[in-house]
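Below is one structure, written out as structure tokens; the observations come after it.
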Amino acid sequence: FTNAHGASIGADEAIYLTDNGDHTVRKFSLDGRLLLQIGEPKKPAAFMSGRPFCRCTHTALSPKGDIYVSDGYGNAAIHKFAPDGRHLSSWGQPGSGPGEFNLPHNIACDADGWVYVADRENHRVQVFDGNGRYETQINNMHRPSGLAITPGPCPHCIVGELAPYQPVNRLTPNLGPRISILDRSGTLIS
């Protein structure tokens, strides 16, 4: 790996490793056998082109086995792949409106197939249906960087928030680092 960045384990009991340094997602068995590679090592898509991949950041699986990849360090897009790695669709562009991203950093799916994206520098989590249609967003957080979705019909969204890094607000209280637990409507539970 050039720069291992994201790791997730799917319901298929395989581990999905996202390498933003060589622009690939690799699927491995738990004993380390390479099962699938998406993307060509060291061949990035053009910067902010919306095509896979330009410094991809994380991977998630839907209940149906579709593979979603957040592509945020050199892109502002989410890519959907079939379980066999075939590209199905992409969505997103730079910006701060619904369906636009400013560093989509982490991604997760719930049991209903909704896709949650930590839109880190827009300080929100955006929620989409499985085809990329914008549904809602969860606000009032600081630089969401990591996500996890609890199982079940009323999932909770667990969000890892980064601390401020600018000198002007580095010591400001209540801006992270922290873990927030929210319901689907964005209500803070803990």
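From Cα pairs below 8 angstrom and at least 6 apart in sequence, can you work out the relative contact order of the stretch 100-165, rounded to a whole percent?
Working: 152 pairs, mean separation 17.7, N = 66.
With pairs under 8 Å counted, the relative contact order is 27 percent.
Only four residue types carry charge here, +1 at the Cβ of Lys and Arg and -1 at the Cβ of Asp and Glu. Report the dipole size of the chain about the Cα centre in Debye, rounded to the nearest 20.
Working: 17 positive and 18 negative charges, 84 e Å.
With Lys and Arg at +1 and Asp and Glu at -1, about 400 debye.
Using Cα centres only, tell me the gap between the stretch 1-47 and the stretch 132-160 in whole Å.
For the stretch 1-47 versus the stretch 132-160, the Cα centre distance is 23 Å.
Mind running the shape call on the stretch 18-93? Use the C-alpha gyration tensor, a ≥ b ≥ c as the square roots of the eigenvalues: rounded below 1.5 for a/c, prolate if a/b tops b/c, oblate otherwise. Mind showing how you got there, number by number?
Values: a/c = 2.09, a/b = 1.33, b/c = 1.56.
Oblate, since a/c reaches 1.5 and b/c is not below a/b.
Just to verify a number: FRET efficiency for residue 174 and residue 154, C-beta to C-beta distance, R0 = 41 Å, to 0.05? It would help to have the intermediate numbers written out before the result.
Details: r = 27 Å, r/R0 = 0.66.
Working from the Cβ atoms, E equals 0.90.
Quick check for me: using +1 on Lys/Arg Cβ and -1 on Asp/Glu Cβ, what's the dipole size of the stretch 78-185 about its Cα centre, in debye to the nearest 20? Intermediate results must be reported in sequence, preceding the final value.
Numbers: 9 positive and 10 negative charges, 58 e Å.
It works out to roughly 280 debye.
Could the peptides 86-93, 7-14 be put in order, highest first, of the mean number of other beta-carbon atoms found within 10 Å of their residues? Intermediate results must be reported in sequence, preceding the final value.
On the way: 86-93: 15.5, 7-14: 13.8.
Averaged packing, sorted descending, gives the order 86-93, 7-14.
For the chain, just say rounded, prolate or oblate: build the C-alpha gyration tensor, square-root its eigenvalues into a ≥ b ≥ c, call rounded for a/c under 1.5, and beyond that prolate if a/b exceeds b/c, oblate if not.
Working: a/c = 1.57, a/b = 1.30, b/c = 1.21.
Prolate, since a/c reaches 1.5 and a/b exceeds b/c.
Could you check the simple spin-label distance between residue 189 and residue 166, using points 7 Å along Cα→Cβ, in nm with one decimal?
3.2
Could you check how much of the accessible area of the chain is carbon and sulfur, as a whole percent, using a 1.4 Å probe? Write down the numbers at each step before the final one.
Working: 4860 of 9060 Å².
Using a 1.4 Å probe with all protein chains present, the chain comes out at 54 percent carbon and sulfur.
Classify the stretch 100-162 as rounded, prolate or oblate, taking a ≥ b ≥ c as the square roots of the eigenvalues of its Cα gyration tensor: rounded when a/c is under 1.5, otherwise prolate if a/b is larger than b/c and oblate if not. Write out the running numbers ahead of the final one.
Working: a/c = 2.04, a/b = 1.32, b/c = 1.55.
Taking the square roots of the gyration eigenvalues as a ≥ b ≥ c, the stretch 100-162 is oblate.
Keeping every protein chain present and rolling a 1.4 Å probe, give me the accessible area per residue for the stretch 23-83 in Å². Please report the intermediate quantities before stating the final value.
Working: 2620 Å² over 61 residues.
Per residue, the stretch 23-83 has an accessible area of 43 Å².
Counting only C-alpha contacts under 8 Å and six or more residues apart, can you give the relative contact order of the chain as a whole percent? Each step should come with its number before you reach the end.
Details: 540 pairs, mean separation 21.1, N = 190.
Contact order relative to length: 11 percent.
Amide H neighbours of residue 50 under 5 Å, at least 5 residues apart or on other chains, H built in the peptide plane: list them.
76
Per residue, how many Å² of accessible area does the stretch 137-190 show with a 1.4 Å probe?
Working: 3230 Å² over 54 residues.
Accessible area per residue, the stretch 137-190: 60 Å².
For the stretch 121-131, take each phi angle, set θ = phi - 60°, evaluate the Karplus expression 6.51 cos²θ - 1.76 cosθ + 1.60, and give the result in whole Hz per residue in order, putting x for glycine and proline.
Running phi through 6.51 cos²θ - 1.76 cosθ + 1.60 with θ = phi - 60° gives 7, 9, 6, 7, 10, 9, 10, 10, 6, x, 9 Hz.
Once label points are set 7 Å from the Cα along Cα→Cβ at both residue 133 and residue 13, what is their separation, rounded to one decimal in nm?
So the two model labels end up 3.6 nm from each other.
The values are calculated or read from the model by the stated rules, or taken from the named source; none is laboratory data. Just so it is clear, the structure is predicted and the values come from calculations on it, not from any experiment. No Cβ is skipped: glycine too gets one built from the backbone with ideal geometry, and neighbour counts run over all protein chains shown. Note: areas computed on protein heavy atoms with side chains; ligands, DNA, RNA excluded. Shrake-Rupley method; radii C 1.70, N 1.55, O 1.52, S 1.80 Å.
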